[in-house]
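Novice: Take this structure first; my questions come after.
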Amino acid sequence: MCLLKQVLTQLENELSISQTQILTIAALFQAHMEQGLSGRVSSLKMFPSYLPAPSGSETGTFLAFDFGGSNLRAAVVKLKGEGNYQEQYRLARPLSEPESGRDYRSSTVTAEELFDFLAGIIQEVLNNSPENLKLSSSTSGLISLGFAFSFPYRQQKLEEGVLLNWNKEVKTSGVVGEDVGKLLSAALMRRGLGNVVRPAAIINDTVANFLTAAYQDPTVDIASIVGTGHNTCYLEPKAPGFPTPIIINTESGNFSAAPETTYDQILDQLSDNPGEQKFEKKLSGKYLGELFRQIVLDFSQRGLLGRLNNPPAPADWNQPYSISGKDLALICLNEDSHSRLVPKEMDFALKYIINLLIKRSSRLVAASLIGIVRHLDPHLNHHHSVAIDGSMYKGMPGYAQELTTALSEALKSKASQVTVKLSAGGSLTGAAIAAALAKQIK
């Protein structure tokens, strides 16, 4: 037991991010931001969203589509102004349907087949709209659609998104290198909706989070997702090539200048994308479970822990990514369901490891937020609101408090200038707001 305590102390030293380190990481993050903005080589891509912040007074009825994972979602969203909105009809469809054997994620599925499926969902939403949008469009013009598309894409105008590569187990052929806006428009044409619906804006989920939060609270100038994955965007007052402030998607998950442990290096080397998303791999839900699994296996193999449950745990412990962020939360909460993973005699040690990972994750996120705030306001003379969404921030015990503590420690007397709040979230609402803003810009 004494040896275990010594090794846990050593692990704590490796994973700890001191107050000084928070400020150092923040300064490096700020430097990478400014390099990316100026077009120099940087781990932060600093993609322009081509959108301003909403005022909260935007009104109208819009179509919204969210393609970000295993489920496709569409809705009619009515923006009422003064930060108020209402989803009037919402529909979700899975990309994979085991019962029918249909899987739109498969490489055997073509781009045309996938986007015809998307257009069919949009048509169903239109047909069931309480306001009968399809009928009203004949007199009021095209219905604007906002498209939340949460895969890596290159954007050169608001309604364009050229897919760089698939992830999240999607491998549909013929989409990489193509503009998903044009693919959707073509599918709508084939459905007879070309003169009814106009894809007006393509955004990612982080920008959607920003738009929803800022629509309700105009003081929001930064938004972040800390969930299965991680990313942050913010309102840039002086983006090169843009006369007015626009939202910049930092792609913060790719930040490369945070401290690393041996476990981080192993996880990165064994991942599907070595050398990429190194910041996200240290802090998001997808990777914290895997870091935890690797640490526990290492400790067990060194004789520091008792035998892992048998059965069925050995298959779980030896299977990469078999332990999720949700599993970590259940262990912390003493839920009965975690007993399949954790023998009771290991409970203290495993919770201690999880808490170290949670604390490091929250302090890394805090450092990145401080980097953005310092870029916007070097002396913190103004107030900044950060809207955060995601399963780690919302569901991991102690996470939100650790993040607040890290900000307070590092910012000291200026900590009150930065407010962190849980976002209302809502990629569909964000997509509708993007469509509304697109009409204003045009």
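Novice: Quick one: which residue in 251, 260 is at positive phi and of a type in the set (D, E, K, R)?
Specialist: Being at positive phi and of a type in the set (D, E, K, R) holds for just one of 251, 260, which is 251.
Novice: Of the residues in the stretch 54-75, how many are closer than 18 Å to residue 216 by Cβ, in a strand (DSSP E or B) and either open to solvent by less than 20 Å² (accessible area, probe 1.4 Å) or of a type in the set (Asp, Glu) (or both)?
Specialist: 3
Novice: Which residues, counting only those in the stretch 25-52, are in contact (Cβ under 8 Å) with a residue 40 or more places away in the chain and of a type in the set (S, T, N, Q)?
Specialist: Within the stretch 25-52, 30, 38, 43, 49 qualify.
Novice: Given the conditions (1) among the polar types (S, T, N, Q); (2) part of a loop (DSSP other than H, G, I, E, B); (3) exposed (fewer than 14 other Cβ atoms within 10 Å of the Cβ), which single one is not true for residue 106?
Specialist: Result: residue 106 fails condition (3) only.
Novice: Let me ask something additional. When you scan the stretch 233-250, do you find a residue that is open to solvent by 10 Å² or more (accessible area, probe 1.4 Å), touching a residue at least 40 places away in the same chain (Cβ under 8 Å) and under 30 Å from residue 117 (Cα atoms), even just one?
Specialist: Yes, that holds for at least one residue.
Novice: For the stretch 33-53, indicate whether the set of residues that are polar (S, T, N, Q) and part of a helix (DSSP H, G or I) is non-empty.
Specialist: The answer is yes; a qualifying residue exists.
Novice: Look through 89, 85, 50 and report the one residue that is on the phi > 0 side of the Ramachandran plot and not hydrophobic (A, V, I, L, M, F, W, C).
Specialist: Testing whether each residue is on the phi > 0 side of the Ramachandran plot and not hydrophobic (A, V, I, L, M, F, W, C) leaves just 50.
Novice: Among (1) out of contact with any helix residue (DSSP H, G or I) (no Cβ under 8 Å at 6 or more places or on another chain); (2) surrounded by 15 or more Cβ atoms within 10 Å (Cβ to Cβ), there is one condition residue 282 misses while meeting the rest; what is its number?
Specialist: Against the list (1) out of contact with any helix residue (DSSP H, G or I) (no Cβ under 8 Å at 6 or more places or on another chain); (2) surrounded by 15 or more Cβ atoms within 10 Å (Cβ to Cβ), residue 282 comes up short only on (1).
Novice: Only one residue in 411, 403 is open to solvent by less than 20 Å² (accessible area, probe 1.4 Å), at pLDDT 95 or above, more than 26 Å from residue 228 (Cβ to Cβ) and touching a helix residue (DSSP H, G or I) at 6+ places or on another chain (Cβ under 9 Å), so which one is that?
Specialist: Values: 403 fails: more than 26 Å from residue 228 (Cβ to Cβ).
None of the others qualify; the one that does is 411.
Novice: Among the numbered criteria (1) at pLDDT 95 or above; (2) part of a helix (DSSP H, G or I); (3) within 25 Å of residue 54 (Cα to Cα); (4) out of contact with any Leu (no Cβ under 6 Å at 6 or more places or on another chain), which single criterion is violated by residue 428?
Specialist: (1)
Novice: Sticking with this one: Would you check if residue 363 is closer than 22 Å to residue 33 by Cα and either modelled with pLDDT under 95 or basic (Lys, Arg) (or both)?
Specialist: yes
Novice: Run residue 426 past the list (1) within 20 Å of residue 248 (Cβ to Cβ); (2) within 16 Å of the chain's Cα centre (by Cα) and report the number of the one that doesn't hold.
Specialist: (1)
Novice: Given (1) more than 23 Å from residue 417 (Cβ to Cβ); (2) part of a loop (DSSP other than H, G, I, E, B), identify the lone condition not met by residue 290.
Specialist: Looking at each condition in turn, residue 290 falls short on (2).
Novice: Name the pairs: first residue in the stretch 414-442 and more than 30 Å from residue 380 (Cα to Cα), second residue surrounded by fewer than 16 Cβ atoms within 10 Å (Cβ to Cβ), Cβ to Cβ under 8 Å, at least 6 apart or on different chains?
Specialist: Here the result reads 428/87; 428/90; 429/87; 436/59, each pair linking the stretch 414-442 to a residue that is surrounded by fewer than 16 Cβ atoms within 10 Å (Cβ to Cβ).
Novice: Within the stretch 127-154, track down each residue that is among the polar types (S, T, N, Q), modelled with pLDDT under 90 and surrounded by 12 or more Cβ atoms within 10 Å (Cβ to Cβ).
Specialist: 128, 129, 136, 137, 150
The values are calculated or read from the model by the stated rules, or taken from the named source; none is laboratory data. Since we're looking at a predicted model, the values are computed, not measured. Heads up, the Cβs are rebuilt from the backbone with ideal geometry, glycines too, and the neighbour counts pull from every protein chain shown. Calculation scope for accessible area: heavy atoms of the full protein, side chains included, ligands and nucleic acids excluded. Shrake-Rupley method; radii C 1.70, N 1.55, O 1.52, S 1.80 Å.
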